[in-house]
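Notes follow once the structure below has been shown.
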Amino acid sequence: MCGIVGYLDTSRGSRPIGTTLLAMLTALDRRVPDSAGVAVWGEGVDGFTVRVALPDGDELAAHGTRVVRRARELARVSGVVAHGPLLTFDIGKVDAHELVAALERDGAAEVVSLGHRLAIVKQVGAPRNLDTEFGIGKLAGSHGLGHTRLSTESRVDLSHSQPFWAHGTPDLAVVHNGHITNYHRLRRRYEQDGVRFYTENDSEVIGVYLGRKLAAGATLHEAMRDSVRELDGSFSYLAATGDTFGFAKDPYCLKPLIVAETPDAVAIANEEIALHAVLGNGYRAREAGAAEVATWTTPPARGRQKRRAA
């Protein structure tokens with residue numbers, strides 16, 4: 001039973017998004033977290049911000065040097081920072097698929113997130129450790145997602161923790177609670193098309209599904225709307241790109257999802273205690289309905305616009 005949270009700041013930066021997500025996740029940490037993570041969409045760079053998980057072992061520094069060298073063969077690299085097994089840097093304009101292939105060649109690393117605005121930080125352990133280890137409370141941005149995990153099937157490690165970046169699709173990330181029961185069928189179909197899967201976690205297929213829909217020309221709202229019909233199981237999930245944020249809920253309404261909108265924010269979680277942690281008492285919350293999909297977009301310099309499925 002995982003905890004998922006999402007927050008869209010409509011007050012133009014009244015508080016760091018990292019602080020908000022951390023407060024929401026901490027409110028859910030009684031779910032006995034095996035791992036926790038956040039995805040934050042910040043101001044953006046003129047290329048990509050890349051976060052890479054390096055292999056465990058005594059040669060961590062050597063792996064990091066190799067990854068940075070491969071990146072520099074493609075474009076200018078700056079802002080290299082290492083936090084344990086996570087390596088972060090900015091890179092100039094480059095083909096995303098070519099970059100990922102180069103960095104992950106020979107199993108040298110796994111790209112955890114890549115985007116003009118997206119940064120994912122995750123680890124094994126409780127949500128509070130994210131701030132202790134990575135200082136996520138200082139992260140600024142317009143919107144973000146968070147996840148605290150209780151593993152029921154797949155193993156517990158950084159790769160299997162969430163949020164999941166939709167590999168190959170810059171700026172797209174997902175957090176999920178529930179089960180996708182047609183996961184194996186979808187995975188076999190996608191693997192036949194050459195898609196690589198990084199985990200045995202059924203949640204990973206959601207990002208793959210959405211990414212393929214976006215590549216075919218769909219909006220995120222349209223892709224999420226279709227997912228409610230084409231993904232089987234009991235689930236609630238949140239997804240976002242650089243300018244769109246939303247949720248989808250299964251047709252059986254089996255997994256809870258609580259939504260609150262105020263003049264300053266849209267906050268979503270699968271327990272209201274997480275909303276109360278950041279909104280206080282001045283809000284009204286509702287339970288998302290069966291098969292409901294909603295997205296909010298953030299057009300530059302024109303405020304937020306809400307769009308909801310019929």
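The values are calculated or read from the model by the stated rules, or taken from the named source; none is laboratory data. As the structure is a prediction and not an experimental result, all values here were calculated from the model. Cβ sites come from the backbone with ideal geometry, for glycine too, and all protein chains shown count toward neighbours.
Residue under question is Val174, and the condition is that it be touching a residue at least 24 places away in the same chain (Cβ under 8 Å), in contact with a strand residue (DSSP E or B) (Cβ under 8 Å, 6 or more places away or on another chain), within 19 Å of Val293 (Cβ to Cβ) and crowded, with 21+ Cβ neighbours inside 10 Å; does it hold?
Values: touching a residue at least 24 places away in the same chain (Cβ under 8 Å): yes; in contact with a strand residue (DSSP E or B) (Cβ under 8 Å, 6 or more places away or on another chain): yes; within 19 Å of Val293 (Cβ to Cβ): yes; crowded, with 21+ Cβ neighbours inside 10 Å: yes.
It is true that Val174 is touching a residue at least 24 places away in the same chain (Cβ under 8 Å), in contact with a strand residue (DSSP E or B) (Cβ under 8 Å, 6 or more places away or on another chain), within 19 Å of Val293 (Cβ to Cβ) and crowded, with 21+ Cβ neighbours inside 10 Å.
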Set Gly84, Gly64, Gly44, Gly92: member being in contact (Cβ under 8 Å) with a residue 24 or more places away in the chain, more than 30 Å from Val5 (Cα to Cα) and not aliphatic (A, V, I, L, M)
Gly92
Of the residues that sit in the range 188-236 and are of a type in the set (Gly, Ala, Ser) and closer than 13 Å to Thr295 by Cβ, which one is surrounded by the fewest Cβ atoms within 10 Å (Cβ to Cβ)?
Ala218
Mind listing just one residue for me: the one in the range 103-115 that is buried (at least 18 other Cβ atoms within 10 Å of the Cβ) and of a type outside the set (Val, Ile, Thr) and, of those, nearest to Val175 (Cα to Cα)?
Ser113
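In the set Tyr283, Tyr252, which member is assigned to a loop (DSSP other than H, G, I, E, B), surrounded by 15 or more Cβ atoms within 10 Å (Cβ to Cβ) and modelled with pLDDT of 90 or more? Spell out the reasoning first.
Details: Tyr252 fails: surrounded by 15 or more Cβ atoms within 10 Å (Cβ to Cβ).
Only one candidate qualifies: Tyr283.
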State yes or no: is Ile91 closer than 16 Å to Val121 by Cβ and among the aliphatic types (A, V, I, L, M)?
no
Quick one: Thr199 ticks every box in (1) touching a residue at least 40 places away in the same chain (Cβ under 8 Å); (2) among the hydroxyl-bearing types (Ser, Thr, Tyr); (3) in contact with a helix residue (DSSP H, G or I) (Cβ under 9 Å, 6 or more places away or on another chain) except a single one, so which number is it?
(3)
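Condition (residue is part of a helix (DSSP H, G or I), of a type in the set (Gly, Ala, Ser) and in contact with a Ser or Thr (Cβ under 9 Å, 6 or more places away or on another chain)) applied to the range 114-132: is it met by at least one residue? If you could, list the steps in order and put the result at the bottom.
Kept after step one, since they are part of a helix (DSSP H, G or I), are these residues of the range 114-132: 128-132.
Among the residues that remain, those that are also of a type in the set (Gly, Ala, Ser) are: none.
Checked against the condition, which is being part of a helix (DSSP H, G or I), of a type in the set (Gly, Ala, Ser) and in contact with a Ser or Thr (Cβ under 9 Å, 6 or more places away or on another chain), the range 114-132 yields no hits at all.
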Looking only at residues that are among the acidic types (Asp, Glu) and within 19 Å of the chain's Cα centre (by Cα) in the range 159-202, which one is nearest to Gly233 (Cα to Cα)?
Asp202
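With respect to Ala82, is the statement that it is surrounded by 12 or more Cβ atoms within 10 Å (Cβ to Cβ) and more than 25 Å from Ala239 (Cα to Cα) true? Before the answer, list the steps.
On the way: surrounded by 12 or more Cβ atoms within 10 Å (Cβ to Cβ): yes; more than 25 Å from Ala239 (Cα to Cα): yes.
Yes: the conditions hold for Ala82.
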Within the range 95-105, is there a residue that is of a type in the set (Asp, Glu) and within 24 Å of Thr19 (Cβ to Cβ)?
no
